[in-house]
Amino acid sequence: QNPNQFHAFAITAHRNHKLLVEQAREFKPRYVVIAEESLYTDVAEVLRGTETEVLCGDYALEEVASMPEVDVVITAMVGYSGLRPTIAAIEARKTIGLANKETLVVGGALIMPLVKRYGARIIPVDSEHSAIYQCLIGEENNPLEKIILTASGGPFRRLSKDELKHVSVEQALKHPNWSMGAKVTIDSASLMNKGFEMIEARWLFDCQPSDIEVLVHPQSIIHSMVQFRDGAVKAQLGMPDMRLP
């Protein structure tokens, strides 16, 4: 929406080469990376003659994340495949928009010390953690009491244990509020995603697990809250839209 403010220097994909090609044609990046090496030829053939260079493989993900022309790296990969590119970006002292929570779930004890060592910056993109991040701006001298992560409860919030035994994949993929990819939608239905988010918050905000609570809020208007030692609570609110922080 703001092409005059941002330029996509590199765009990456795992296997979705068709979408990658569409994005390359629209945004005209200097590089595209297809992580699945067997699809390199398909992408390279289509983009032959353009100004976009095609790279492939996991190492190429790390390479573009650390290139000197890059100011901000958005890590929006699925699973712990985002770990090594994130480390590469940290070591290159980039500002990182973290949408890949699994990086901190599996490697938080490694990632956060690296951020301090190299002077990189992590800005959370996930709605709950972005909300917490926003609530803590200007509160450096206000002791934090606890973090309150909100959860919609998913599509099965009102079902009994017996009813849960008979739910289908199709039902689990119908989240009541958010439009997301299949994996995170399933994880949200099972509440596993909220567990991941608690681990992510523990590392991002340097707090203990006992300082993190989860509040079921079916409307998904309050994205998260923070409570300070004096009892004051700050919340970030907004409509459930993936385009908004």
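For the stretch 152-157, backbone phi angles converted through the Karplus equation (6.51, -1.76, 1.60; θ = phi - 60°) give residue-by-residue couplings of 6, x, x, x, 10, 4 Hz, Gly and Pro being listed as x.
Since only ALA151, VAL105, PRO68 are under comparison, the one whose Cα sits farthest along the positive direction of the charge dipole of the chain, derived from C-beta charges on Lys, Arg, Asp and Glu, is ALA151.
Here the average projected area of the convex hull drawn through the C-alpha atoms of the stretch 1-132 stands at 8.4 nm².
Taking other C-beta atoms within 10 angstrom as a stand-in for reagent exposure, LYS94, LYS161, LYS28 fall in the order LYS161, LYS28, LYS94, fewest first. Summary of the geometry: the stretch 214-231 and the stretch 109-146, compared by the centres of their Cα atoms, lie 17 Å apart.
Bridging of LYS174 to lysines at a Cα separation below 18 Å is possible for LYS165, LYS183, LYS194, once same-chain residues fewer than 8 apart are set aside.
So, R0 is 35 Å and r is the distance between the beta-carbons of VAL106 and ARG48; what FRET efficiency does that work out to, to 0.05? It comes out at approximately 0.40. Basic side chains Lys and Arg get +1 at the Cβ, acidic Asp and Glu get -1 at the Cβ, and with that the dipole of the chain about its Cα centre reaches some 360 debye.
Applying a DSSP loop filter and a limit of 10 other Cβ atoms within 10 Å to the GluC sites (Glu not before Pro) in the stretch 133-184 leaves GLU140.
In terms of the Cα gyration tensor, with a ≥ b ≥ c the square roots of its eigenvalues, is the chain rounded because a/c is under 1.5, prolate because a/b exceeds b/c, or oblate? It comes out oblate by the Cα gyration axes. Rounded to whole numbers, the Karplus 3J(HN,Hα) couplings from phi for the stretch 12-27 are 10, 8, 8, 10, 7, 6, 5, 5, 4, 5, 4, 5, 5, 5, 6, 9 Hz, using 6.51 cos²θ - 1.76 cosθ + 1.60 with θ = phi - 60°, and x at Gly and Pro.
For helix 102-118, report the angle its Cα long axis makes with the longest principal axis of the Cα atoms of the chain; keep it between 0 and 90° and round to the nearest 10°. Value to nearest ten degrees: 80. Per residue, the chain reaches -10500 deg cm²/dmol at 222 nm when only DSSP H runs of four or more residues are counted, each adding -39500 (n - 2.57).
Going by how many other beta carbons lie within 10 Å of each one, how would you line up LEU164, LEU55, LEU204, fewest first? Exposure proxy ranking, most exposed first: LEU164, LEU55, LEU204. Scanning residues 5 or more positions from GLU213 or on other chains, those with amide H under 5 Å from its amide H are ILE147, ILE148, LEU149, with H placed 1.01 Å from N in the peptide plane. Footprinting exposure proxy ranking of VAL115, VAL21, fewest other C-beta atoms within 10 angstrom first, gives VAL115, VAL21. Over every Cα atom in the stretch 81-203, the radius of gyration and the widest Cα-Cα span, Dmax, amount to 16.8, 51 Å. Once you sort the root eigenvalues of the Cα gyration tensor of the stretch 133-245 as a ≥ b ≥ c, which label holds: rounded (a/c under 1.5), prolate (a/b larger than b/c) or oblate (the other case)? Since a/c reaches 1.5 and a/b is larger than b/c, the shape of the stretch 133-245 is classed as prolate. Quick one: Cα centre-to-centre distance for the stretch 157-197 and the stretch 1-66, in angstrom? The stretch 157-197 and the stretch 1-66 have Cα centres spaced 32 Å from each other.
Of all DSSP-defined beta bridges confined to the stretch 116-245, some 65% are antiparallel rather than parallel.
For the stretch 206-245, the orientation-averaged shadow of the C-alpha convex hull comes to 3.8 nm² (one quarter of the hull surface).
None of the figures in this text is laboratory data; all of them are computed from the coordinates on show. Because the structure is predicted, anything quoted here is derived from the model rather than measured. Don't worry about glycine lacking a Cβ; one is built from the backbone with ideal geometry, like all the others, and counts go over all protein chains shown.
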